[in-house]
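Working notes, beginning with the structure itself.
The values are calculated or read from the model by the stated rules, or taken from the named source; none is laboratory data. Keep in mind it's a predicted model, so treat the numbers as computed, not measured. Here the Cβ positions follow ideal geometry from the backbone for every residue, glycine too, while neighbour counts run over all protein chains shown. Remember, those area values only see protein heavy atoms, side chains included, never the ligands or the DNA or RNA. Shrake-Rupley method; radii C 1.70, N 1.55, O 1.52, S 1.80 Å.
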Amino acid sequence: MNVMSSVMQGAWRLVLTPSLFSVARSPAPRLTCRQVRPYSSKKVKGHKKDHAKTGKQKIVKQEVEIRQRMTVAALADAMNKDFDHVLEALLNTTIDVDALEPHSVLEEKWIKEVVTRSGMKFTWAKLSEIREKPNRDVQRRPPADPALLVSRPPVVTIMGHVDHGKTTLLDSLRKSQIVATEAGGITQHIGAFLVQLPTGEKITFLDTPGHAAFSSMRARGANSTDIVILVVAADDGVMNQTVESIQHAKRAAVPIIVAVNKCDKPQADPQRVKQELLAHDIVCEELGGDIQAIHVSALKGDNLLALAEATIALAEVLELKAEPSGPMEGLVIESRTDKGKGPVTTAIVQRGALKRGCVLVAGKVWAKVRFLFDENGKEVKEVGPSAAVQVVGWKELPAAGETIIEVESEQRAREVVSWRQEQEDQQKLQEDQSAIQVKQQHHLDEYRRERAELTHLSWRKRKAALYRANKTQFSCRPSEKQQSDETNLPLVIKGDVDGSVETLINILDSYDAQQQCDLQLVHFGVGDISENDVNMAATFGGSIYGFNVKASGVIQQLAARHGVPLHLHNVIYKLIDQLKDDINAKLPPIVRHNVVGEAGVLAVFDVSVGKKKVPVAGCRVHKGQLDRKSRFKLTRGQEVLWEGSLVALKHHKDEVQTVRSGMECGLSLDSEVEFSVGDVIVCFEEQEIPQVTAWDPGF
């Protein structure tokens, strides 16, 4: 049994190993095959990862930030697609694609549907938190303890009509010669002066311009003063700027003292002046009112002491007091740029003490005071309330009328200026956004009106039709520059002080003849004419107007080389006259027809000229004469049927040059016009008349 099992095992071994027989039988090539060794194969690191790479790659979808109530245009921008892509994505849905416009608001499900169909994924946009910055502005201090207040000199503004003697009056008070230095004999700036009377009292005077152009300066003077001295000439009476000065004083709630000037003249009538003032609610003491009226002669110096005493008496009644110590508060009366000192301001101290080295803020400008000068140009170290002083040390030029407040450090000043600038930028941004919304609404209305006639078309056909229409419109549109060259006058305005520039801009704001010539203020500033001003004017093709400023020889040569007109004046009404002349030069002339003669058509017949028949009118001249060299027009009732020249003018059979009144003639025109009995032939001459601007600045 054991032997038999051994034989069987050997047979099985032979069957399972055929290679033994192959080796023994022949040396034929050996057949090889891949051996599968599932249990002995080694696992290599990264094997599965390589296998995965050979499979399908994972697609990274673009993310789109969405939010509630998005418009079609906003969704297209967020997806970096155009308007049509959104419409295509919404095809075959329940939404009406043809009714969608760029401003149409989509529901949340349709927003998600568009993003999903576009092969993108959506994420909700995060709401940005707007943090309110703390207010870093500086304000005036609260009222001081009455126990700390002391009496201060009054600030008095001299106001009135031009050439009524305001500056002469102030000149007599301070014993100087201001009038001789004023261009054209009129004050064109606010002057601040401290006058000490023989009795020891001090008064700070502000002299405001009386010319009609300087209304803003007079208003600023009235708002920064305690008392107004209204100067009225006894020979002229109440004039336009007198009434305006009264209105400024009443608006500022400032008491008035009337100074009736020029009483030394033979034609002076002070009583008439007081009667005229009654019409403006100025009742003098002699007429039962409470307003003092002093008769003076500024030229001879008569009764000036009485005027000063009346001013001091009124100041005592008003009990003018201020805190003499502590941080300074004041007002910018005027500002200018000095070549050696830089930005300089004339300021009135209203509270506290102004010293060298202190840090000031005025509007969006700050300064560290380097020098202080009085009205005589003498350097001072410290001034108190009611003092008029020139301040040097400003980083930039502050605007006239700004409030001056002292701060503790330069860093604090920068914080205040930065805060105010940011607030102004935000306000300007809001105004711009409002203007943009108005423009957008206007364009939207036009957009809807253009599409109203195409509502029956599909959105693709509508888009194609609008494209063709706009393409034709833009190709036919003339150049804007060619349209504006004939009626444009760009301006560059420069003045010596901020108040002068303000006055000129206010005058330009009153310009109301834009339909004739469009005034464009491209640049304005304080200081002499610079190279930048010339380049700016040359770029816009404009003119430079300078008031009380200079232009060096190099600047004048540069302006001449660029063809820039340069107009420099030191009297404001002469500058405005020059501006009006330049506007008139821009306007095309008006063509006027002067009638030379008239003739009535009595008969109409045809004359053969070669193979062509020409209509001829038989006429009788009943007014003036007909001259063949002149222009003619054919009228029928009130309608002008033709205008041009004559081809032929005959008297009987003779060609003539003129036909006088009472004579008959035959005439033919240079175009085919059907005559009718009763028509009138008018002979006229064209005359070009210079056009004048309709703008009236008021002086």
Debye-sum result for segment 225-360 in log10 I(q)/I(0), which assumes one identical scatterer on each alpha carbon, at q = 0.12, 0.13, 0.14, 0.18 Å⁻¹
-0.64, -0.72, -0.79, -1.04
Using each residue's phi in segment 385-401, evaluate 6.51 cos²θ - 1.76 cosθ + 1.60 at θ = phi - 60° and report the 3J(HN,Hα) Karplus result to the nearest Hz, with x for Gly and Pro.
x, 6, 7, 9, 8, 9, 10, 10, x, 6, 6, 9, 8, x, 7, 5, x
Tell me, what is the 1.4 Å probe accessible area of Y447, in Å² to the nearest 10?
60 Å²
5 angstrom amide H check on L372, placed H, neighbours 5+ away:
V380
Tell me, what ³J(HN,Hα) does each residue in segment 105-117 have, in order and in whole Hz, if you take phi through Karplus 6.51 cos²θ - 1.76 cosθ + 1.60 with θ = phi - 60° and put x for Gly and Pro?
8, 9, 6, 4, 5, 6, 4, 5, 5, 4, 5, 5, 5
Near K250, which aspartates and glutamates are there with a Cα under 14 Å away, not counting those fewer than 8 places off in the same chain?
D226, D281
Which residues' amide hydrogens lie under 5 Å from the amide hydrogen of G237, considering only partners 5 or more residues apart or on another chain, with H built in the peptide plane?
none
S552-V522 pseudo-label distance in nm [points 7 Å out on the Cα-to-Cβ vector]:
2.3 nm
Give me the distance between the Cα centres of segment 68-82 and segment 311-381, rounded to whole Å.
58 Å
Relative contact order for segment 361-440, counting Cα pairs under 8 Å that sit 6 or more residues apart, in percent:
36 percent
Euclidean distance of C-alpha centroids, segment 85-160 and segment 625-645, integer Å:
65 Å
Which aspartates and glutamates have a Cα less than 13 Å from the Cα of K613, not counting those fewer than 8 places away in the same chain?
E672, E674
Of the listed links K109/K133; K364/K494; K166/K580; K339/K364; K381/K550; K166/K265, those spanning more than 27 angstrom between alpha carbons are K109/K133; K166/K580; K381/K550
Compute the projected area of the convex hull of the Cα atoms of segment 489-553, averaged over all viewing directions, and report it in nm² to one decimal place.
4.3 nm²
Which of the peptides 243-253, 192-202 is most tightly packed, and how do the rest follow, judged by the mean count of other Cβ atoms within 10 Å per residue?
243-253, 192-202
I need to check one value: relative contact order of segment 542-625, counting alpha carbon pairs closer than 8 Å and at least 6 residues apart, in percent.
22 percent
